[in-house]
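As structure tokens, the structure follows; a few thoughts come after it.
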Amino acid sequence: MNEATIQEELFAAICHNEADVVEKLLAAGADADKRFRNRLTPLMVAARAGAHAVIPVLLAHGAYVNASYGLWGRSAFHWLCYQGLSSHYHVEAHTESARALLAAGADAYMPDDSGDTPLILALRHRLKNVIKLIHAYSPIPNGTGDKLLIPWLDIAYLRKSNPYLRRYTDKEIHAHYIAPPEPRQLGETLRRPYSLPYDTAWASKADVRTKDKRGFTALHHAAALGLCEAAAILIDRGAPIDATARSGATPLMIAARSGRWKVGHLLLAHGADPLKQDCNKRNSYDFARRANNFRLFGMI
């Protein structure tokens with residue numbers, strides 16, 4: 001396997017959160033910092049795709065955490081906060097990825113080309129656990145008086161806004177309201193003992209034709225998250241293969257754009273049209289090429 005092929009396999013493994021495959025490829029000579037054709041480093045791709053199991057593997061192999069993408073100036077931490085929880089619905093996984101990046105030296109105050117720092121993006125997407133972690137690793141300059149940047153990180157504000165807290169010590173208030181959660185395994189949940197959304201149980205009950213405000217069906221969401229089993233259940237239940245979102249995007253386009261080659265293969269096997277175009281006259285081939293989705297690129 002030559003160097004180019006190894007890097008292509010690395011990209012596909014990262015998109016599917018295959019930590020064991022990434023480990024083997026890095027041991028076989030894959031470069032943890034070499035940029036793919038889309039000019040993103042492996043760590044940026046992992047953060048953007050929500051590949052939480054892969055992030056610690058890349059960091060362990062020396063991936064540079066503060067590398068930035070030239071077009072927007074975003075680092076891996078920018079991508080993690082920019083995506084919010086849209087591509088991964090497990091709060092604890094998102095929290096642990098942020099913890100790993102910060103422990104490796106990620107700069108939460110580095111502005112991108114738009115002037116947005118990871119902290120600003122975390123505030124915009126209401127990633128409370130990430131904000132707590134940033135504050136724990138490099139305290140946020142929070143201001144004073146009525147000009148607090150983040151009021152709930154200030155003990156005096158918490159006491160003033162909630163008289164019930166007056167009976168507790170500063171240490172107890174800090175531990176409960178300000179300190180980040182304790183480290184957890186990615187399979188554990190922070191609040192609920194049962195499965196979180198977007199799994200096979202969800203696919204068995206989801207309305208296959210209902211669309212959200214973006215025009216996404218359940219199959220669009222399964223394609224974006226790379227959930228092959230859920231996608232297969234939705235297809236078996238009659239989900240429209242080429243349903244179009246408001247932008248004209250089909251599930252195959254979403255799979256191509258997100259690097260989800262396995263779901264893309266499934267959709268193609270069930271007759272998805274790779275030449276169907278969105279509102280900007282782009283087809284699945286265009287999305288796959290732009291996203292550096294090598295495996296799906298060869299299928300279309």
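Where a number appears in this text, it was derived from the coordinates with a stated rule and is not lab data. In this text the structure is predicted, and so the values were computed from the model without any measurement. Cβ placement follows ideal geometry from the backbone for every residue including glycine, while neighbour counts extend to all protein chains displayed.
List, in the order given, every pair from LYS128/LYS160; LYS205/LYS281; LYS128/LYS211; LYS132/LYS211; LYS205/LYS276; LYS211/LYS276 whose Cα-Cα distance in the structure shown is over 23 Å.
Pairs exceeding the cut-off: LYS205/LYS281; LYS128/LYS211; LYS132/LYS211; LYS205/LYS276.
Rank these for me by crowding, ASP286, ASP33, going from fewest to most other beta carbons within 10 Å. Each step should come with its number before you reach the end.
Numbers: ASP286 17, ASP33 13.
With the sparsest Cβ surroundings first, the list reads ASP33, ASP286.
Taking 0.36 nm per residue of sequence separation and subtracting the Cα-Cα distance, how much length would be gained by fully extending the chain between SER138 and HIS174, in nm to one decimal?
Extending this stretch completely gives an extra 11.4 nm.
Give me the net charge for the shell around CYS15: Cβ to Cβ below 10 angstrom, other residues only, Lys and Arg +1, Asp and Glu -1.
Counting the neighbours of CYS15, the net charge comes to +3.
Counting Lys +1, Arg +1, Asp -1, Glu -1, what net charge surrounds MET253 among other residues with beta carbon under 9 Å of its beta carbon? Present the calculation step by step, with values, prior to reporting the outcome.
Details: positive: ARG257, LYS276, ARG282; negative: ASP278, ASP286.
Cβ neighbours under 9 Å give a net charge of +1.
Could you put TRP72, TRP261 in order, starting from the residue whose Cβ has the fewest other Cβ atoms within 10 Å?
Ordered from fewest to most neighbouring Cβ atoms within 10 Å, TRP72, TRP261 come out as TRP72, TRP261.
Report the net charge of residues surrounding ILE173, where surrounding means a beta-carbon distance below 14 angstrom and charges are Lys +1, Arg +1, Asp -1, Glu -1.
Neighbour charge sum, excluding ILE173 itself: +3.
Exposure proxy check: HIS61, HIS174, HIS220 ranked by fewest other beta carbons within 10 Å?
Values: HIS61 17, HIS174 14, HIS220 26.
The order, fewest Cβ neighbours first, is HIS174, HIS61, HIS220.
To the nearest 0.05, how large is the calculated FRET efficiency for ASN162 and ASP113 if R₀ is 35 Å and r is the Cβ-Cβ distance?
Efficiency, from the Cβ-Cβ distance: 0.30.
Which whole-number percent gives the relative contact order of segment 200-299, counting Cα pairs below 8 Å spaced six or more residues apart?
Details: 169 pairs, mean separation 23.9, N = 100.
It comes to 24 percent, rounded to a whole number.
At 0.36 nm per residue, minus the direct Cα-Cα distance, what do ASN280 and ALA28 gain on full extension? Give it in nm, one decimal, please.
86.7 nm
Is it possible to state the helix-based mean residue ellipticity at 222 nm for the chain, with each DSSP H run of 4+ residues giving -39500 (n - 2.57), the sum divided by total residues, to the nearest 500 deg cm²/dmol? What is it? It would help to have the intermediate numbers written out before the result.
On the way: 17 runs with 139 residues, N = 300.
Calculated mean residue ellipticity at 222 nm is -12500 deg cm²/dmol.
Determine the shape class of segment 3-178: with a ≥ b ≥ c the square roots of the Cα gyration tensor eigenvalues, call it rounded for a/c under 1.5, and otherwise prolate if a/b is greater than b/c, oblate otherwise.
prolate
To the nearest 0.05, how large is the calculated FRET efficiency for LEU149 and ARG209 if R₀ is 25 Å and r is the Cβ-Cβ distance? Let's see the in-between values first.
On the way: r = 44 Å, r/R0 = 1.76.
Efficiency at R0 = 25 Å is approximately 0.05.
Rank-order 232-239, 203-210 by packing density, defined as the average count of other C-beta atoms within 10 Å over each peptide's residues, highest first.
232-239, 203-210
Is the C-alpha gyration tensor of segment 200-299 telling us rounded, prolate or oblate? Criteria: a/c under 1.5 is rounded; beyond that, a/b larger than b/c is prolate, otherwise oblate.
Note, shape of segment 200-299 comes out oblate.
Report the relative contact order of segment 3-178, percent, no decimals, based on alpha-carbon pairs under 8 angstrom and at least 6 residues apart.
Working: 218 pairs, mean separation 24.9, N = 176.
After rounding, I find 14 percent.
Using a 7 Å offset from the Cα along the Cα-to-Cβ direction at both ARG124 and ASN38, what is the distance between the two label points in nm, to one decimal?
Modelled inter-label distance: 1.8 nm.
I need the helices of the chain that pass two filters: whole DSSP H segments spanning 30 Å or more by Cα along the axis, and mean Kyte-Doolittle score no lower than 1.6.
Helices meeting the span and hydropathy rule in the chain: none at all.
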